Amino acid sequence: MLSFKNPIIIALDVDTMEQAENLVDKLSPYAGGFKVGMQLYNSVGPEAVRRLGEKHVPVFVDLKLHDIPNTVAGAARVLTRHGAAILNVHAAGGIDMMSAAADASRDEADRTGIKPPLVVAVTVLTSISQEVFNKEIGITGSIQDRVVSWALLAKDAGLDGVVASPLEITPIRKACGEDFVIITPGVRPAGAAANDQKRTMTPGEAVRLGATYLVVGRPVTAAPDPVEAIRSILDDINR
């Protein structure tokens, strides 16, 4: 699999391959990699991952797999064959499901002679507030405690890391070690709209605290000048 040249992963939340490729052509000199999520994948299918692979950019396939272990293992094998550099599952699926995904992905990579993708677990979505977490979802305790608990479970399952908000970077890093991958959506440059994100931080702050990768979407892709927007984020990180 291709390596990420810097921490920024641009979310390609668009409907068409033409839109996605236009963004990649503009931003690939600056971005570390790109994310194919449910919007593009459900519109274009695995062709999106293959076409981006032909442009020699690493791809995070963000489908948040969550099903019985056998089903998730099968999906992980397929996404590995398609060339995902990162794929993810839901931590709430439990240790058996997460282990099945990691084992299947590595086995498929070994069988086909390719480098295995990183397999990471989604913890608590960055759009969820503490109030929603407790009152609507019905989980007691703090988001931070649950995220750290799920991160430790993911590590025990053999996963490479987790997806979590930047507010949980420090406790995850303390609990899971320096080699554990932490991918943080919900990063917003100073002055940018939060949109539907509730637990946010600036890119520079997130990297300083120990984030491995930052997923950035609308602050770049919806900006009047996407190139200037991503260059500003790189400047913030470098500072």
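Remarks
- Residues considered: Ile137, Ile86, Ile182. Largest GNM mean-square fluctuation over the chain, using C-alpha springs under 10 Å, is found at Ile137.
- Using Cβ point charges alone (K and R +1, D and E -1), the dipole size of the stretch 21-136 about the Cα centre works out to roughly 280 debye.
- Computed extension gain for Ala92 through Gln19, at 0.36 nm per residue and net of the alpha carbon distance, reaches 23.0 nm.
- Entries of Lys5/Lys55; Lys35/Lys64; Lys64/Lys155; Lys55/Lys155; Lys135/Lys155 with Cα pairs more than 22 Å apart: Lys55/Lys155; Lys135/Lys155
- Added length on full extension, which subtracts the Cα-Cα distance from 0.36 nm per residue, Glu136 to Asp107: 6.6 nm
- For Asp62, nonlocal amide neighbours, meaning residues 5 or more places apart or on other chains whose placed amide H falls under 5 Å from its own, are Val36, Gly37.
- Summed residue charge, Cβ within 10 Å of Pro69's Cβ, Lys/Arg positive, Asp/Glu negative: -3
- Three-way shape call for the stretch 126-187 based on the alpha-carbon gyration tensor, with the a/c threshold at 1.5: prolate
- Solvent-free Debye scattering, log10 I(q)/I(0), computed from the Cα coordinates of the chain at q = 0.08, 0.09 Å⁻¹: -0.27, -0.35
- Efficiency of FRET between Glu47 and Ala223 - r from beta-carbon atoms, R0 45 angstrom, step 0.05: 0.95
- Farthest toward positive dipole pole in the chain [+1 Lys/Arg, -1 Asp/Glu at C-beta], among Pro46, Leu27, Ala75: Leu27
- Computed from point charges on the beta carbon alone (+1 for Lys and Arg, -1 for Asp and Glu), the dipole magnitude for the chain about its Cα centre is near 280 Debye.
- By average C-beta atoms within 10 angstrom, highest first, the peptides 126-135, 62-71, 207-216: 207-216, 62-71, 126-135
- For the stretch 1-82, the solvent-accessible area works out to 45 Å² per residue, with a probe of 1.4 Å and every protein chain left in place.
- MRE, 222 nm, helices only [DSSP H, n ≥ 4, -39500 (n - 2.57), over the chain, to nearest 500]: -13000 deg cm²/dmol
- Atom-type composition of the exposed protein surface of the stretch 9-128 places 49 percent of the accessible area on carbon and sulfur (1.4 angstrom probe).
- Take the Cα of Ser3, step 7 Å toward its Cβ, do the same at Thr170, and the gap between the two points is 3.1 nm.
- Rolling a 1.4 Å probe over the protein chains gives Lys35 an accessible area of about 20 Å².
The values are calculated or read from the model by the stated rules, or taken from the named source; none is laboratory data. This one's a predicted model, so the numbers in the text were calculated from it and none came from an experiment. Virtual Cβ from ideal backbone geometry, glycine too; neighbours counted across all protein chains shown. Each accessible area value is taken on the protein alone, full model and side chains, heavy atoms only, with ligands, DNA and RNA left out. Shrake-Rupley method; radii C 1.70, N 1.55, O 1.52, S 1.80 Å.
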